[in-house]
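K.L.:
There's a structure below that I have some questions on.
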Amino acid sequence: MAATSWPSLTFTGCLNKHAPPSVSSRIKNLPLRPAKSNSLIIKAFFHARPTILVTEKLGEPGLQLLKRFANVDCSYNLSPEELCTKISLCDALIVRSGTTVSREVFESSGGRLKVVGRAGVGIDNVDLSAATEHGCLVVNAPNSNTIAAAEHGMALLMAMARNIPQANASIKQGKWQRNKYVGVSLLGKKLAIMGFGKVGSEVARRAKGLGMNVMAHDPYAPLDRARAIGVKLVSFEEAISTADFISLHMPLTPTTSKMFNNDSFSKMKKGIRIINVARGGVIDEAALVSALDSQIVAQAALDVFMEEPPPKDSKLVLHENVIVTPHLGASTTEAQEGVALEVAEAVLRALNGELSSTVVNAPMLSAEVLSELEPFVALSEKLGRLAVQLVAGGSDMKLVKLTYGSARNPNDLDTRVLRAMVIKGLIEPISSVSVNLINYNFIAKQRGLIIAEERIILNGSPENPIEFIQLQIANVESNFASSISDSGEITVEGKLKDGKPHLTKVGSFEVDVSLEGCIILCKQVDQPGLIGKVGSILGQEKVNVNFMTVGRIAPRRQAVMIIGVDEDPSKEVLKKIGEISAIEEFVFLKL
Ligand SMILES: NC(=O)C1=CN([C@@H]2O[C@H](COP(=O)(O)OP(=O)(O)OC[C@H]3O[C@@H](n4cnc5c(N)ncnc54)[C@H](O)[C@@H]3O)[C@@H](O)[C@H]2O)C=CC1
Ligand SMILES: O=C(O)C(=O)COP(=O)(O)O
């Protein structure tokens, strides 16, 4: 057999190159249904009442919602060891910023943990790679605390500019220090917003209302958002070297970690004032102390710290020009009710096999895309299951190609969920791992599987997203030689008929079989009476035949017969079928 290589195609297709790490049928079919709008629907789908561990204070409305559908264990202040012990008994975990969800937590879960919900925005306390590798979905609640964080940023900005905390403490100590606490005005001052996302934009709006001159730095922010708010997008250098105030609103990532360090402080305008309601780790705290001591930084207002709570002797916290709050950005009654409901709903949906729009480590597929591709999900998985059973034992499956025939513009066809399901179909029958929309890329990579994708653009109506899906496995031997196409690969092809998955091609043979239950594939010399012979062998053993179909090259020449059976035939039955002289080869496959 000539070796096949698909070098130019050994990528995941034009749409997949933007794919974030990627869900699960351990959780039924976890990501495969678009979320419905009414959370009451959730109840209808649960098989067993799940257990949800909540490790930090969660707003009451969210807790009430969780309790309607799950057993809820609220255990606060767990040590890392206690968390690892408890987690193996939980299907979901809900945290805020105070719980570190480390690799050990996923490893200790023994595969039971299906969802981690973060009741808030920042997911820097969750080991996303470990979650993905363990097929565990991570969801957050990014929309409900934006205003709270922005308002806290403004509160810190004004409290810092007017020395409110110091003055308050002083007067409570019986002092009256009007000259000591002279502040600075905000009107006309340059404010640089670092990270122009949800919180940053809201801070910008409010600061403009105070008459500040607002600019923003964010390499990924859309220009039209900046224009709409009337903010100029500037480079990092311009922002830090010209601003009177900078307010930090970017996530903590490897790129933003200690972004504010000795080097950046040295480029700042002397007397700058800094507000940080994002994450402590974006600032090198030792460098900030130096910059405060040398008066490059006149004042800092901090809600977040590298270590939380910070050490009691933290020079930064104790610095006289620094005001601090204990990570209170999201702590308003309104925001806590909002995030609690938002995360509770996302977690319940995930446990119920639905994807919410706040998934962090799986493809963000819109409800429309999911609903449109849902019928093709079963087809993809079944083609995968079928193809892998055609690979001869001992053959190393490495190179797989998926071809989608579609009249759609390739840019309007997001096939990630189908690719995930093919990988699931290919891998699950031959291993103990569970493949889902979260971990499919990781598992494929781990097994050295290269998946190439190709789109064949067909004439016709783009209404139907996909006309056919072809799956080929290259450079392997098959236990059913007729499944190898003329070009040398195991080839199976299918389409939807009346919304049901059908097999339409095996090797070079055109067939038409509903992909359900179990099938026997036989290659035979086409001749009268053969179908009857096979049928009677199965009948004698009470194996019910639900269909038979023959795909042949020409009358009385070689043909492929496919027999659908309701029960698994015994080894003896299969042996008898193999002994029929006109049958050249056959294989029994479970779908
Ligand atoms: N203190 C608190 O209690 C709270 C803190 N936060 C934190 O605030 C931060 C922002 O939250 P949201 O605005 O909701 O998130 P977001 O995702 O809407 O905005 C983050 C923005 O940062 C930008 N960004 C990423 N890398 C950057 C870089 N290298 N330089 C500049 N900008 C960069 C992104 O493009 C995005 O526009 C997060 O870290 C979050 O954890 C959020 C809520 C409450
Ligand atoms: O949402 C965020 O990113 C926050 O920082 C809020 O943290 P918290 O939920 O108050 O521990």
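K.L.:
Does the range 368-382 contain at least one residue that is more than 16 Å from ligand 2 (Cβ to nearest atom), open to solvent by less than 20 Å² (accessible area, probe 1.4 Å) and part of a loop (DSSP other than H, G, I, E, B)?
P.N.:
no
K.L.:
Could I ask something else about it? I'd like to verify a number: residues in the range 403-437 that are under 22 Å from I469 (Cα atoms), within 16 Å of the chain's Cα centre (by Cα) and assigned to a loop (DSSP other than H, G, I, E, B), how many?
P.N.:
Result for the range 403-437: 5.
K.L.:
Exactly one condition in (1) of a type outside the set (A, V, I, L, M); (2) more than 41 Å from the chain's Cα centre (by Cα); (3) within 30 Å of Y440 (Cα to Cα) is not met by K175; state its number.
P.N.:
(3)
K.L.:
Here's something else I'd like to know. Exactly one of these conditions fails for E453: (1) in contact with a strand residue (DSSP E or B) (Cβ under 9 Å, 6 or more places away or on another chain); (2) closer than 25 Å to S371 by Cβ; (3) open to solvent by 10 Å² or more (accessible area, probe 1.4 Å). Give me its number.
P.N.:
(3)
K.L.:
Could you check, for the range 414-424, whether at least one of its residues is under 17 Å from T132 (Cα atoms) and among the β-branched types (V, I, T)?
P.N.:
So far as the range 414-424 goes, yes, one or more of its residues are under 17 Å from T132 (Cα atoms) and among the β-branched types (V, I, T).
K.L.:
For the range 293-345, give me each residue that is assigned to a helix (DSSP H, G or I), open to solvent by 40 Å² or more (accessible area, probe 1.4 Å) and touching a helix residue (DSSP H, G or I) at 6+ places or on another chain (Cβ under 6 Å).
P.N.:
Across the range 293-345, the qualifying residues are K315, E337, L341, E345.
K.L.:
Which residues, counting only those in the range 188-198, are within 16 Å of ligand 1 (Cβ to nearest atom) and not in a loop (DSSP other than H, G, I, E, B)?
P.N.:
Scanning the range 188-198 gives L191, A192, I193, M194, K198.
K.L.:
Filtering the range 506-528 down to residues that are open to solvent by 50 Å² or more (accessible area, probe 1.4 Å) and out of contact with any His (no Cβ under 9 Å at 6 or more places or on another chain), which residue is farthest from A387 (Cα to Cα)?
P.N.:
Filtering the range 506-528 for residues that are open to solvent by 50 Å² or more (accessible area, probe 1.4 Å) and out of contact with any His (no Cβ under 9 Å at 6 or more places or on another chain), the one farthest from A387 (Cα to Cα) comes out as P528.
K.L.:
Restricting to the range 133-152, count the residues that are away from ligand 2 (no atom under 12 Å from the Cβ), at pLDDT below 95 and open to solvent by 10 Å² or more (accessible area, probe 1.4 Å).
P.N.:
Count: 2.
K.L.:
Return a yes/no flag: does the range 497-518 have any residue that is of a type in the set (F, W, Y) and outside the structural domain of T403 (by the TED database). Quick ask: steps written out before the conclusion?
P.N.:
Narrowing the range 497-518 to residues of a type in the set (F, W, Y): 509.
Of the ones still in play, those that are also outside the structural domain of T403 (by the TED database) are none.
No, there is no match, as no residue in the range 497-518 is of a type in the set (F, W, Y) and outside the structural domain of T403 (by the TED database).
K.L.:
Ok, one more. What is the number of the single condition among (1) more than 23 Å from V513 (Cα to Cα); (2) away from ligand 2 (no atom under 16 Å from the Cβ) that T333 does not meet?
P.N.:
Against the list (1) more than 23 Å from V513 (Cα to Cα); (2) away from ligand 2 (no atom under 16 Å from the Cβ), T333 comes up short only on (2).
K.L.:
Here's a follow-up. Report, by residue number, each residue of the range 461-482 that is over 22 Å from L370 (Cα atoms), open to solvent by 30 Å² or more (accessible area, probe 1.4 Å) and not in a helix (DSSP H, G or I).
P.N.:
N475, E477, N479
K.L.:
Still on this structure, please answer the following. Of everything in the range 290-324, what is acidic (D, E) and within 16 Å of ligand 2 (Cβ to nearest atom)? Give them in sequence order.
P.N.:
Kept after step one, since they are acidic (D, E), are these residues of the range 290-324: 293, 303, 307-308, 313, 320.
Those that are acidic (D, E) and within 16 Å of ligand 2 (Cβ to nearest atom): D303, E307, E308.
The values are calculated or read from the model by the stated rules, or taken from the named source; none is laboratory data. Quantities reported herein were computed from a predicted structural model and do not represent experimental measurements. Ideal geometry is used to build each Cβ from the backbone, glycine not excepted, and the neighbour counts take in all protein chains shown. These accessible areas exclude ligands, DNA and RNA; they are computed on the full protein's heavy atoms, side chains included. Shrake-Rupley method; radii C 1.70, N 1.55, O 1.52, S 1.80 Å.
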